[in-house]
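All of the numbers you see were taken from the coordinates with simple rules; none came from a lab. Note that the structure is a prediction, hence the values are computed from the model and not measured. Every residue, glycine among them, receives a Cβ derived from its backbone with ideal geometry; neighbour counts consider all protein chains shown.
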Amino acid sequence: MVNNWQNGAESFIDAVSSGSATPGGGAVAAFSAASGCALTMMAISVTMKMKSTAPQSKKELNEALDEFILLRDALKECAEKDADAYEEYISAKKLPSGSKEREEYVKAALEQCAKVPLETALKAVKTLQMTEEISPKIAPVIKPDIECAKIMLRAAIACGVENIKANMPYIKEADFKEELEKNINFLKPFYESIS
């Protein structure tokens, strides 16, 4: 028997493996981060249902759950935005070579191709930090899922950085490149433990 969630996962995996450039690494990074966030949410929900969980902990976990919902939804949106950014780049490259319009569209599209994985990585950092913060309140029986969530989030951050780096050689604006470098340096400590 196939559950609804299996259809969605199968569709995404099939799309990634299809040979098309989208969805690609940026979308997979966002999907990984959203999955890590979802695992944290599941661990919170399971812990809140347990009779052994103190009322104050349940209240704090419930408040955190509201924030995780927003992050999960934003990360799912990043997967779509990443594919859209690349499609915009491909469309811009099809404009007449040497035209001012093409130059402007290519520049904007390349910047977006770096901005989206940066957004994904930064949201994954926030999710990771919140996951680490609530981790002590999670029931021991569900702790392995929290550890898996942390690994997924660190992997998403690393993948986001790789996608930023892939676009940097084509970005001409020095200030924007410098901003990207600063963000890469900020993000590096969050995923070094998995590499």
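List of remarks:
- Taking the longest Cα principal axis of the chain as reference, the axis of helix 55-93 is set at about 20 degrees.
- Taking Cβ atoms as reference points and 11 Å as the exclusive limit, the residues near Thr40 contribute a net charge of -3, counting Lys and Arg as +1 and Asp and Glu as -1.
- Computed over region 113-163, relative contact order equals 61 percent, with contacts defined as Cα pairs under 8 Å that lie 6+ residues apart.
- For the chain, the relative contact order comes to 29 percent (Cα pairs under 8 Å, sequence separation of at least 6).
- Measuring between alpha carbons in the structure, the pairs from Lys107/Lys150; Lys100/Lys123; Lys81/Lys143; Lys123/Lys165; Lys81/Lys137; Lys49/Lys126 lying more than 29 angstrom apart are Lys107/Lys150; Lys100/Lys123; Lys81/Lys143; Lys81/Lys137.
- 3J(HN,Hα) along region 125-137, derived from phi through the Karplus expression 6.51 cos²θ - 1.76 cosθ + 1.60 where θ = phi - 60°, amounts to 4, 4, 5, 4, 4, 5, 5, 5, 5, 8, 3, x, 8 Hz, with x in place of Gly and Pro.
- Principal-axis analysis of the Cα atoms of the chain puts helix 174-191 at an angle of about 30° to the longest axis.
- Annotation note: trypsin sites (Lys or Arg not before Pro) in region 24-79 located in DSSP loop regions with a Cβ neighbour count of at most 12 within 10 Å are Lys51.
- Spatial separation of Cα centroids for region 88-158 and region 167-195, in angstrom: 12 Å
- Selection of trypsin sites (Lys or Arg not before Pro), region 77-106, meeting DSSP coil and at most 11 other Cβ within 10 Å: Lys94
- [x] 10.5; [y] 13.3; [z] 11.2, with the label sought being that of the calculated mean projected area of the Cα convex hull in nm²: [y]
- Under-5 Å amide H pairs with Ala139, H placed in peptide plane, nonlocal only: Thr47
- In degrees, nearest ten, helix 143-167 long axis to first principal axis of the chain (Cα): 10 degrees
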